[in-house]
Amino acid sequence: MINLVKKENINLGILETDFDIFTDIVNTFTNETLKQDCILDLDDYVLPDYFKNKITIVLQTNEMLVGYAIFEFKNVNSSSQVEIDHLFILEQFNGKMMEALLAEAVIYVAGEVGARNVTVKLNDNDKAMFDMYRSVGFYEISMNEQGSILSINVTSAVSTRKLNDKFRDIEKDSINYKDLKLIKKIASGRSGNIYLTDSNKILKMFTTTSFTYVKDREETLRYIKSIDLNEVVKPKNLVYYDGVFIGYIMEYLPEGSALLKKCDSYNFEEKLEKINKLEDIMKKLHDRKIYICDLNPDNIFIDNKGNVRLIDCDSFITKKNVINTSVSKKYQDPVYKLVSEKTDMYAFAITCLEVLIGEKIDDNASLQDIERIYSKNKNKLPVSFKTYFEGMFKTKERYYLSDSYENYINDIYNTENGSLDSDDKKGNISVIILSIILLVIAIIGYLVFKFKING
């Protein structure tokens, strides 16, 4: 949910893929056929057709449903207009001005996207709702046998009722876009463009027209900006145009390049070092309930000192029940659809495979395509990596690479149920000791060689 107001025990926000809350809303419907159709979709984590192309604002107290407003945008006589389809408050909350708060929230959103009017159709016998809308500033524009149509001018209502002050939450260190002078475009992406300013600031400006997407990114980036994690290139300042969020100023990025571009110059141990650092960053984010969502080698930056940093933080997800469909097919978990630690772990496994084999897999590759690529290259990989990849690709299990390696070692040492006889145990232990000795010798040799070169 995208929060509009969150104070004490009141939470007002825009629903995205909050399936539990959508279910609470659907259970208030009086049309049983519509209710059952919606519940069937929600059980499958699918947004019902009734809610598509509409915005739903929900009001909660202590995570309990108070009421909601469902509305949609219409183009009328070449101007944008909002039509309220349904505004509902649970009976126990009637008479507490909750209806007016929902109506104001609809008007605010209409103002943010440049709509001219907000309209609503009411039955003649719905006097309480008629009086509520009139108290907010709606006026009657037409009548027929089915009831009345009420309307309000958005610009006037936003100003009169000071809705921007009520619903906007702009930090003091935010930057006014009008104070920036763009010199050149540096890059383009799915969600926006990156520009260099005359003061050497790097601006990421969103190009999408989706109000809910941009509002969600504003809330997420405000949180990412506050975390203490140097391995992530975070926003320095959020940027607004006439009070509307449009992008952010990035932290300074030192000299370096994307991970895959460096892979050709790395030996296996160096690749493994970068992979381990990347997993450490991922774990730190997961500890904060932040999901990378778009984890791939292009978003992994290696500076000239060898430090690993994640870029493109505006793709991070901090909410539950988000379905990941905007990333390349190869990184989408074929089993788990909702963004979580599990979907990040799957994308991490694909990224590791690309790094280890030094090959960029086609963006549209299916799981079967990836398995074929893995099978072609698995003889080049240590046994512990084979165990990891086969577990990730052929089962529903999702785990960190480090956990997989620990499990692999434990399996070798496993003595439960007499699974290994004495000779096998000695043999496995000898293999492990020899592997450790060889690894230590290789590292020492590499350091000595590097010291001589630098010397």
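Summary table
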quantity	calculated
Those strands (runs of 3 or more DSSP E) lying entirely in the stretch 41-126 with at least 1 residues among the charged types (D, E, K, R) and surrounded by fewer than 19 Cβ atoms within 10 Å (Cβ to Cβ)	64-76, 79-89, 117-122
Residue tally, condition surrounded by 14 or more Cβ atoms within 10 Å (Cβ to Cβ) and of a type in the set (S, T, N, Q), over the stretch 354-393	3
T343, sole failed condition from (1) in a loop (DSSP other than H, G, I, E, B); (2) within 29 Å of T23 (Cα to Cα)	(1)
Candidate set: the stretch 279-327, residues that are at positive phi and open to solvent by 40 Å² or more (accessible area, probe 1.4 Å); chosen: the one modelled with the lowest pLDDT	D312
Long-range neighbours under 9 Å by Cβ, at least six apart or interchain, first residue among the hydroxyl-bearing types (S, T, Y) within the stretch 34-50, second at pLDDT below 90	Y45/T17; Y45/F19; Y45/N321; Y45/I323; Y45/K337; Y45/L338
Tally of residues being of a type in the set (G, A, S) and either in a loop (DSSP other than H, G, I, E, B) or buried (at least 16 other Cβ atoms within 10 Å of the Cβ) (or both) across the stretch 137-146	1
Failed item, numbered, when R134 is tested on (1) over 31 Å from the mean Cα position of the chain (by Cα); (2) part of a helix (DSSP H, G or I); (3) buried (at least 16 other Cβ atoms within 10 Å of the Cβ)	(3)
Extreme residue, modelled with the highest pLDDT, among residues of the stretch 148-166 that are assigned to a strand (DSSP E or B) and of a type in the set (V, I, T)	I152
Among residues of the stretch 288-345, those that are over 16 Å from the mean Cα position of the chain (by Cα) and of a type outside the set (D, E, K, R), counted	10
Test: residue in the stretch 232-248 that is more than 24 Å from Q81 (Cβ to Cβ), open to solvent by 40 Å² or more (accessible area, probe 1.4 Å) and either assigned to a loop (DSSP other than H, G, I, E, B) or out of contact with any strand residue (DSSP E or B) (no Cβ under 9 Å at 6 or more places or on another chain) (or both)	no
Residues within the stretch 167-193 that are assigned to a strand (DSSP E or B) and either without any contact (Cβ under 8 Å) to a residue 40 or more places away in the chain or more than 24 Å from S328 (Cα to Cα) (or both), tallied	10
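The values are calculated or read from the model by the stated rules, or taken from the named source; none is laboratory data. Because the structure is a prediction, the values reported are computed rather than measured. Note that each Cβ is placed from the backbone with ideal geometry, even for glycine, and that neighbours are counted across all protein chains shown. Note: areas computed on protein heavy atoms with side chains; ligands, DNA, RNA excluded. Shrake-Rupley method; radii C 1.70, N 1.55, O 1.52, S 1.80 Å.
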